[in-house]
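K.L.:
My structure is below; once you've seen it, I'll send some questions.
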Amino acid sequence: GNLQVSRELALRMFGAFSRRREQKGFALIARNIYGSNTIDYPLFENRDFDSYHSVILRAGGQDSTVTKLHDIVATNLVDGTTNLEVQAYRQCVLYIDGEYFGIYNLREKVNKHWIAQHYGYDPENIDLLVGNGSVLQGSNKEYKELIEWCSNTNFKSDENYAQLAAKIDIDNYIDYLISEMWVANTDTGNIKFFRERSSDPERSKWKWIYYDFCWTFLGVTRDSFETFTNPTGHGSGKAFSNQLTISCMQSEEFQQKFLARAAELLNTIYTPENVLAKIEECVAAIEDEMPRDAEKWPEGGGVGNWQACVENTRNFARKRRNVMIDFLQDHFDLTDAETLELFGEKDDVE
């Protein structure tokens, strides 16, 4: 109930296809012409940062008319528990010029400043790419050369795989793939990855950013391993290359590491109990506010529809681990005994 920070900022509409929704997303950007190029306040309790160049107010993107929760649940599950860095979140209510605008998620904004804060990299010396390697900052030369090399190299060779592991952060990439697969993301073209142009071999490895999960928690039976290993590509129109994943999967060492990590994550952060607890935490924060939000934004179908969509998300959480075990067993040609040894017993769900 107390004013915490007051600043003049640029307010800009944020998002891609989500702009078609009635409830828009916004970016808040600090600029010197408004007094300072930073927002100086510890906006997120689980971050040590107290200064931000920009943040975003996200209504849930395409999920704004479904649950408003999918993106923050997906990223919250891996935050601090994996080799992935994600945007912090804070559920809030937005007013613009005194007018009620409903429930939003205040989030860190993924850009060079976010990378610099989370990794300690030089923000002016970062290659930040999107999609198949389009440049957001820096250069895509090294990445394009990497993918070309991968397409012409056999990674069954331990020597070749060791060279690949010197170019990408294998632990980060495995966690990225497994976490994308678990949420059954159907909008997989949202890919951002980066490196620092550095002589330090660890800082110069490519790392992936886990973000934007509007189209998740929907198809519980989806075989997401096939999605990321299909030679024709993935995402809308199969427009996004799977070359890197296909190359990695040629390596026996990578396969074993992938399976061991999948088992670990499926038995820790992706158990039904853990996922359901995250869902309930996020639901509890906005449940009392939903009637007012639904009145402001009737496009979402009302509180009853929101409750039904949240229940569908709970059902996904209950069943998804079993589905992943099945398709991993199938794709890696594991025996029942090998599957049981790796993953343990399946969950008792209808």
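K.L.:
Quick one: which of Asp71, Asp97, Asp63 is open to solvent by less than 20 Å² (accessible area, probe 1.4 Å) and at pLDDT below 95?
P.N.:
Result: Asp63 is the single residue among Asp71, Asp97, Asp63 that is open to solvent by less than 20 Å² (accessible area, probe 1.4 Å) and at pLDDT below 95.
K.L.:
List the number of the failed condition for Gly131; all other conditions in (1) open to solvent by less than 40 Å² (accessible area, probe 1.4 Å); (2) free of Cβ contacts under 8 Å to residues at least 24 places away in the same chain; (3) not aliphatic (A, V, I, L, M) hold.
P.N.:
In the conditions (1) open to solvent by less than 40 Å² (accessible area, probe 1.4 Å); (2) free of Cβ contacts under 8 Å to residues at least 24 places away in the same chain; (3) not aliphatic (A, V, I, L, M), Gly131 misses (2) alone.
K.L.:
Within region 92-106, work out how many residues are touching a helix residue (DSSP H, G or I) at 6+ places or on another chain (Cβ under 8 Å) and either β-branched (Val, Ile, Thr) or under 30 Å from Ala262 (Cβ atoms) (or both).
P.N.:
Step one: filter region 92-106 for residues touching a helix residue (DSSP H, G or I) at 6+ places or on another chain (Cβ under 8 Å), giving 93, 100-103, 105.
Applying the additional criterion that residues be either β-branched (Val, Ile, Thr) or under 30 Å from Ala262 (Cβ atoms) (or both) yields 93, 103, 105.
Going through region 92-106 one residue at a time, the tally reaches 3.
K.L.:
If you go through region 75-84 one residue at a time, do you hit one that is in contact with a helix residue (DSSP H, G or I) (Cβ under 6 Å, 6 or more places away or on another chain), open to solvent by 10 Å² or more (accessible area, probe 1.4 Å), modelled with pLDDT of 95 or more and part of a loop (DSSP other than H, G, I, E, B)?
P.N.:
Yes, because at least one residue in region 75-84 is in contact with a helix residue (DSSP H, G or I) (Cβ under 6 Å, 6 or more places away or on another chain), open to solvent by 10 Å² or more (accessible area, probe 1.4 Å), modelled with pLDDT of 95 or more and part of a loop (DSSP other than H, G, I, E, B).
K.L.:
Taking into account only those residues within region 55-81 that are more than 12 Å from the chain's Cα centre (by Cα) and among the hydroxyl-bearing types (Ser, Thr, Tyr), which is nearest to Asp288 (Cα to Cα)?
P.N.:
Here the answer is Thr67.
K.L.:
Still on this structure, please answer the following. Which members of region 12-31 meet the condition of being open to solvent by 80 Å² or more (accessible area, probe 1.4 Å) and more than 17 Å from Asn111 (Cβ to Cβ)?
P.N.:
Result: Phe17, Arg19, Arg20, Glu22.
K.L.:
Now, a different point. Which residue is surrounded by the most Cβ atoms within 10 Å (Cβ to Cβ), if the candidates are limited to region 134-174 and must be among the small types (Gly, Ala, Ser) and over 20 Å from Thr229 (Cβ atoms)?
P.N.:
Here the residue is Gly138.
K.L.:
Do you know which of the residues in region 192-245 that are within 28 Å of Val310 (Cβ to Cβ) and among the aliphatic types (A, V, I, L, M) is least open to solvent (accessible area, probe 1.4 Å)?
P.N.:
My answer is Ile209.
K.L.:
A follow-up question, please. Which number in (1) under 19 Å from the mean Cα position of the chain (by Cα); (2) at pLDDT 95 or above marks the one condition that Ser236 misses?
P.N.:
Condition not satisfied by Ser236: (2).
K.L.:
Just give me the residues in region 146-164 being among the hydrophobic types (A, V, I, L, M, F, W, C) and free of Cβ contacts under 8 Å to residues at least 60 places away in the same chain, in sequence order.
P.N.:
Taking region 146-164 as the starting set, the residues that turn out to be among the hydrophobic types (A, V, I, L, M, F, W, C) are 146-147, 149-150, 155, 162, 164.
Trp149, Ala162, listed by residue number.
K.L.:
Quick check on my filter: what residues within region 110-126 are within 18 Å of the chain's Cα centre (by Cα), over 14 Å from Thr38 (Cβ atoms) and open to solvent by less than 20 Å² (accessible area, probe 1.4 Å)?
P.N.:
Hits for region 110-126 are Val110, Ile115.
K.L.:
Here's something else I'd like to know. Determine which single condition Cys92 fails, assuming it passes every other condition in (1) assigned to a strand (DSSP E or B); (2) crowded, with 22+ Cβ neighbours inside 10 Å.
P.N.:
So Cys92 meets the others, but not (2).
K.L.:
Continuing with the same structure: Determine whether Tyr143 is of a type in the set (Ser, Thr, Tyr), part of a loop (DSSP other than H, G, I, E, B) and either more than 29 Å from His70 (Cα to Cα) or touching a residue at least 60 places away in the same chain (Cβ under 8 Å) (or both).
P.N.:
Numbers: of a type in the set (Ser, Thr, Tyr): yes; part of a loop (DSSP other than H, G, I, E, B): no; either more than 29 Å from His70 (Cα to Cα) or touching a residue at least 60 places away in the same chain (Cβ under 8 Å) (or both): yes.
Answer is no for this residue.
K.L.:
Something else about it: What pairs come up if the first residue lies in region 251-265 and is part of a loop (DSSP other than H, G, I, E, B), the second is surrounded by fewer than 16 Cβ atoms within 10 Å (Cβ to Cβ) and not aromatic (Phe, Trp, Tyr), and their beta carbons are under 8 Å apart, counting only those six or more places apart or on different chains?
P.N.:
Cβ pairs passing all conditions: Ser251/Lys156; Ser251/Asp158.
K.L.:
Let me ask something else. Residue by residue through region 335-345, note down the ones that are without any contact (Cβ under 8 Å) to a residue 60 or more places away in the chain, closer than 21 Å to Asn274 by Cα and loosely packed, with under 14 Cβ neighbours inside 10 Å.
P.N.:
Passing the criteria: only Glu345.
K.L.:
Has region 33-49 got any residue that is under 22 Å from Thr186 (Cα atoms) and open to solvent by 20 Å² or more (accessible area, probe 1.4 Å)?
P.N.:
The answer is no; no qualifying residue exists.
K.L.:
Under the condition of being surrounded by 14 or more Cβ atoms within 10 Å (Cβ to Cβ) and without any contact (Cβ under 8 Å) to a residue 60 or more places away in the chain, which residue from region 309-320 is nearest to Gly102 (Cα to Cα)?
P.N.:
Ranking the candidates gives Arg314 first.
The values are calculated or read from the model by the stated rules, or taken from the named source; none is laboratory data. Nothing here was measured: the structure is a model prediction, and the numbers come from that model. Note that we place each Cβ from the backbone using ideal geometry, even for glycine, and neighbour counts take in every protein chain shown. Accessible surface areas use protein heavy atoms only, side chains included; no ligands, DNA or RNA. Shrake-Rupley method; radii C 1.70, N 1.55, O 1.52, S 1.80 Å.
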